[in-house]
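Novice: One structure coming up, written as structure tokens, with questions to follow.
A short reminder: the numbers here are calculations on the coordinates, not readings from a lab. Just so we're clear, the structure is a prediction, and the values are computed from it rather than from any experiment. Note that each Cβ is placed from the backbone with ideal geometry, even for glycine, and that neighbours are counted across all protein chains shown.
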Amino acid sequence: MSDRRLNINFIVSTDRLGLMRQYHPLTPAELSRAEERLRHPAPGSRIAAAQRYGIDMTLLIGQLRLTPAERARRMHGVCQAAEQVRGAAWVGPT
């Protein structure tokens, strides 16, 4: 079985070499194209299947409008909130 733990030393050394992938916000043209594809998916596409399954495409579009840094900050905030409430409802043994 392979060890799938995160090797932070590798990540730090790779970043020093400038090999980490840099993410940039979508250009207005890219955002427009993505919105169009999500709002009006081609029949038989994976996006159409996701819509049938119940995925809310407006939430995806909202996330695409954010920069990668804004999405990361939001995700971090959600994780912090989850950590604060973790175990809050646990009653324990009686």
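Novice: With each label point set 7 Å from Cα along the Cα-Cβ vector, what nm distance links residue 89 and residue 76?
Specialist: 2.8
Novice: Separate question: Sort 47, 55 by Cβ crowding within 10 Å, fewest neighbours at the top.
Specialist: Ranking 47, 55 by Cβ neighbours within 10 Å, fewest first, gives 55, 47.
Novice: Which length gain, in nm to one decimal place, applies between residue 57 and residue 33 when the Cα-Cα distance is subtracted from 0.36 nm times their residue separation?
Specialist: Additional length available on full extension: 7.3 nm.
Novice: Which three numbers, in whole Å and largest first, are the semi-axes of the equivalent ellipsoid of segment 50-94 derived from its Cα gyration tensor as √(5λ)?
Specialist: 31, 18, 5
Novice: Another question, if that's okay. If you take all C-alpha pairs in segment 25-85, what percent of them are over 17 Å apart?
Specialist: Value for segment 25-85 (Cα pairs over 17 Å): 52 percent.
Novice: Please arrange 23, 53 by how many other C-beta atoms lie within 10 Å of their C-beta, fewest to most.
Specialist: 53, 23
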